[in-house]
There are 2 protein chains.
Amino acid sequence: MAKEKKLVESITSMEEDFAQWYTDVVKKAELTDYTSVKGCMVIKPAGYAIWENIQKELDRRFKEVGVENVYLPMFIPESLLQKEKDHVEGFAPEVAWVTQGGLEPLQERMCVRPTSETLFCDFYKNDVHSYRDLPKVYNQWCSVVRWEKTTRPFLRSREFLWQEGHTAHATAEEAEERTIQMLNVYADFCEEVLAIPVIRGRKTDKEKFAGAEATYTIEALMHDGKALQSGTSHNFGDGFAKAFEIQYTDKDNTLKYVHQTSWGMTTRMIGAIIMVHGDDSGLKLPPRIAPTQVMVIPIRQQQEGVLEKANEVKNALAESGLRVKLDDSEKSPGWKFSEQEMRGIPVRVELGPKDIEAGTAVIVRRDTREKITASIDELPVKIAEVLEQMQSDMLERAREHRDTHTYVATEKEEFKKIADEKPGFIKAMWCGCQECEDAIKDEVGVTSRCMPFAQEKLADTCIWCGRPAKHMVYWGKAY
Amino acid sequence: MAKEKKLVESITSMEEDFAQWYTDVVKKAELTDYTSVKGCMVIKPAGYAIWENIQKELDRRFKEVGVENVYLPMFIPESLLQKEKDHVEGFAPEVAWVTQGGLEPLQERMCVRPTSETLFCDFYKNDVHSYRDLPKVYNQWCSVVRWEKTTRPFLRSREFLWQEGHTAHATAEEAEERTIQMLNVYADFCEEVLAIPVIRGRKTDKEKFAGAEATYTIEALMHDGKALQSGTSHNFGDGFAKAFEIQYTDKDNTLKYVHQTSWGMTTRMIGAIIMVHGDDSGLKLPPRIAPTQVMVIPIRQQQEGVLEKANEVKNALAESGLRVKLDDSEKSPGWKFSEQEMRGIPVRVELGPKDIEAGTAVIVRRDTREKITASIDELPVKIAEVLEQMQSDMLERAREHRDTHTYVATEKEEFKKIADEKPGFIKAMWCGCQECEDAIKDEVGVTSRCMPFAQEKLADTCIWCGRPAKHMVYWGKAY
């Protein structure tokens, strides 16, 4: 038992130190590793397999709404980055610059893309001529670089993986529609696949993307009560089109500027899965995103017939379409249980000589640790049911946690007190002025997460200045 | 008809100027576009969809042989790149250097990965301790950068997409086995999916990868008689392990160096598909890799019932598992035919009022232009058969072209004459000395493509120096 205990003991408990717990889980579940490249990470097989499932699910949903994949260069010449004023101001301070190619210095330095609006504009400028060429609904899967000072695996690193969609439309209405449509794709994906409930809303001008007219966001609440921006969708209007001269000839034979959008989701979502669902035994993966859904663990596997039966069970589960593995290593069953729990595999099947004799096996849920005895023949059907139940229970549990950590404040002092004492979202009214937003950030330590689509009138006046309120805002501390 | 003619006329013919024909196809089939980023390309939806299919097929084959995907940083600190002497000499002259991150100069400059051996070694050094940690059979899908002077879409560009597998093993035998296994995965993929026959063999020491003990390669012959290196697999022995100190404790409790391999395939294969199968009407995609396999083209679509029936046919084909589209745009049928041919879509289905009345449709093969009349009900079955036939006919045709353009030389003058007059592979014996290989390159203008696994004894002596021959070599001009 000494060994088994060690595996679990070596994780810091969530309550004690959430940040350390997070780091421990990432390491112990073998999701990432450190590298000699400062601020970057190695994504190991267990971590990358989660990303592959995220890609598969999102890409399918994208294609259903007419998105086509492309690939653009990873470099942006400095002059191109500078074409849109707000955009360059937002990104130039945090890019990596390439100054030499081969043995010679470059005539013009280039940055490694922090995001590709400027490249897509440069492309669309040449590719869009007539209304017949519109809309363009393109996306790319790639890595981007932002020169962050402090980094954490998945949540903030100098290089990360993402997808970035970039679209061009004939009209402002169509661009706005696409912006909202893609935000909803993200929100549905988070809730249906990652079991993470999100607040859909709009960013304040202070928090919007550099160069955007409007930024929409989905915000999730982590277990420690901090918010995580989980996906954003931007409407650029015709601002970039004017800076890059992207015009098309309309049906009426006049030249018009296109209207553009962009939207992205990143490997950060792996961090969200960890921080929403995990516990002191490690990772807890929602069944729909889990690379391995079932781990079959034989008991007394040296006894005749046990491994054989375990293999049979594994094959039957695989045939029924489940993602299943068999742990037939020489470790003790207890050690295997701890590993399966640390890695967040949704259910394990325990199968020993007595079970085999009885024609049954024990299914153990990772989320509740509930044990369910089922006949071996019924395992595929039973486990499929258990996984479905787990998926919806995990969403429900996350929603409950989010809701019980969402507070309403109608008075300034109350607002400060909640922000001080209760980690979570605070709903409060706001006048719409950046001065109040700045002051709240400085004096209360929370930022505006979003103005939710589902607005409520909690009071008539701004929580800060007392002038008439314009929006209800979700406030919170954020990653 | 004027418009239709224009589309086709604007392509240079293959016989006239193969290089220009290639560029025209890439552009007209909308595979890539130029960008402001010199030497890099935009891969457009039609091109990227081919790459997605290549990824899907290869990734599936990788996973069947135990490969796991990971992601490592895109940057390599200079000191890391320099650890293996041959490797740094091979790559340092052609990398892009990042010298500034954010607003500050870097303490140590980093290159954008041209390949990731050094990063994987740095990773394995920390991740491998015991024989129980071996083998590591990892792969990543990413982009790499090599600062080429002259570039061509897909064939040679400063940034390209690829996969790079990197493995670590306990023994030399296991590493060699894996090297050959992955070469065979590539070869089978090329022949079964891309319909491109390849020669499997080993590179000479002069042509091997920087830092490798042995490089294996598959070589394909393009329509113009030039060779294209299509995939390589390297055995590093313990060279990198010694440079990076990657050691493990074996069962006998002694420290040993691991043995490593790497292997890669790139977007260059899209160039190979174009140059092996294409013709003066454009691209010709093998059915198994074609993003769209069938284009339904209605004739007299304004007539009542035609578009409705065309839609029915499209849906029936889609339901049967074929990748199918319907071209219901306002262009003329002739224009649509030309577009479908230019884009290399394997078959089109022509469907007009007379066909509908007769309950039939006309299937037209892209490769032979053969027209097959089939009843509408039977279309899904019939087209599936036609596609299977096309797939094997295309491989057969490519093999025939390769074989009729493979020559044997046993005398020096004959060798020179063939190299001068007949584009293709030349099989000839070689003594194994680099002096002969260098002289052949300088004086005959061909390079050694590989020493094929299937050796033949064409003569006793080296084609160049007359000393005893050691290997039969495929020689040729290469991309």
Shortest-first nm distances, B:ARG60 label point to equivalent points in other copies (7 Å, Cα→Cβ): 1.5
Low-density loop cleavage sites - trypsin sites (Lys or Arg not before Pro) in segment B:219-277, where at most 12 other Cβ are within 10 Å (DSSP): B:LYS251
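Please work out the ratio of the alpha-carbon Rg of segment A:135-233 to 2.2 N^0.38 Å and round it to two decimals. Mind showing how you got there, number by number?
Numbers: Rg = 14.6 Å, N = 99, 2.2 N^0.38 = 12.6 Å.
Against the empirical 2.2 N^0.38 Å value, I get 1.16 for segment A:135-233.
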Mean-position separation - Cα centroids, segment B:239-303 and segment A:45-97, in angstrom: 23
Lysine pair number, Cα distance threshold 30 Å (strictly under), segment B:91-228, separation 8 or more or different chains: 14
Calculated [θ] (222 nm, deg cm²/dmol) that DSSP helices of n ≥ 4 give over chain B, each run adding -39,500 (n - 2.57): -11500 deg cm²/dmol
Candidate lysines - alpha carbon under 30 Å from A:LYS354, same-chain residues fewer than 8 apart omitted: A:LYS3, A:LYS5, A:LYS6, A:LYS284, A:LYS309, A:LYS314, A:LYS325, A:LYS331, A:LYS336, A:LYS371, A:LYS382
Heavy atoms of A:VAL408: accessible area, 1.4 Å probe, square angstrom to 10: 70
Cα shape, segment A:374-479, gyration tensor, a/c 1.5 rule: prolate
Label distances, nm, B:GLN434 versus same residue in remaining copies, Cβ-directed 7 Å point: 6.3
Loop GluC sites (Glu not before Pro), segment A:370-472, which have at most 16 other Cβ atoms in a 10 Å radius of their Cβ (DSSP): A:GLU370, A:GLU411, A:GLU456
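Quick one: grab the alpha carbon gyration tensor of segment A:5-63, order the square roots of its eigenvalues as a ≥ b ≥ c, and give me rounded if a/c is under 1.5, else prolate or oblate depending on whether a/b is larger than b/c.
Details: a/c = 2.42, a/b = 1.75, b/c = 1.39.
The shape class here is prolate.
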Heavy-atom accessible surface that B and A bury in contact, both chains counted, 1.4 Å, Å² to 100: 4200
Surface/4 estimate of mean projected area, convex hull on alpha-carbon atoms of segment A:168-208, nm²: 3.7
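Under 1.5 on a/c is rounded, so check that first for segment A:298-373, then, if it is not, pick prolate when a/b is larger than b/c and oblate when it is not; a ≥ b ≥ c are the square roots of the alpha carbon gyration tensor eigenvalues. Display every interim value, and only then the final one.
Working: a/c = 1.39, a/b = 1.21, b/c = 1.15.
Since a/c stays below 1.5, the shape of segment A:298-373 is classed as rounded.
In segment A:327-433, what % of DSSP beta bridges are antiparallel (nearest 5)? If you can, show how the numbers build up before the last one.
On the way: 9 of 12 bridges.
Around 75 percent of the beta bridges assigned by DSSP in segment A:327-433 are antiparallel ones.
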P(r) of segment A:20-151 over all Cα-Cα pairs, binned every 5 Å from zero, in whole percent: 2, 8, 13, 15, 17, 16, 14, 9, 4, 1, 0, 0
Counting DSSP beta bridges with both ends in segment B:270-397, the antiparallel % (nearest 5): 55
Low-density loop cleavage sites - GluC sites (Glu not before Pro) in segment A:156-256, where at most 16 other Cβ are within 10 Å (DSSP): A:GLU245
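Share of antiparallel DSSP beta bridges in chain A, in percent to the nearest 5?
Taking every DSSP beta bridge with both residues in chain A, the antiparallel ones total about 80 percent.
With every protein chain kept in place and ligands, DNA and RNA left out, what is the accessible area per residue of the protein assembly as shown? Probe 1.4 Å, answer in Å².
Numbers: 39100 Å² over 958 residues.
Using a 1.4 Å probe on heavy atoms only, each residue of the protein assembly as shown averages 41 Å².
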Whole-percent carbon and sulfur share, accessible surface of segment B:94-198, 1.4 Å: 45
Within the accessible area of segment A:405-479 (1.4 Å probe), percent carbon and sulfur: 47
Solvent-accessible surface (1.4 angstrom probe) belonging to B:HIS277, in square angstrom, nearest 10: 10
Dimensions in Å of chain B - Rg and Dmax from alpha carbons: 25.2, 82
Those residues of segment A:143-190 for which accessible area with every protein chain present is at least 40 Å² below the isolated value (1.4 Å probe): A:TRP147, A:GLU159
Across the identical copies, how the B:GLN107 labels are spaced - nm, sorted shortest first, 7 Å along Cα→Cβ: 3.6
Per residue convex hull volume, Cα atoms of the protein assembly as shown, in Å³: 200
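The values are calculated or read from the model by the stated rules, or taken from the named source; none is laboratory data. Because the structure is a prediction, the values reported are computed rather than measured. Don't worry about glycine lacking a Cβ; one is built from the backbone with ideal geometry, like all the others, and counts go over all protein chains shown. We work out accessible area using only protein heavy atoms, side chains counted, and drop any ligands, DNA or RNA first. Shrake-Rupley method; radii C 1.70, N 1.55, O 1.52, S 1.80 Å.
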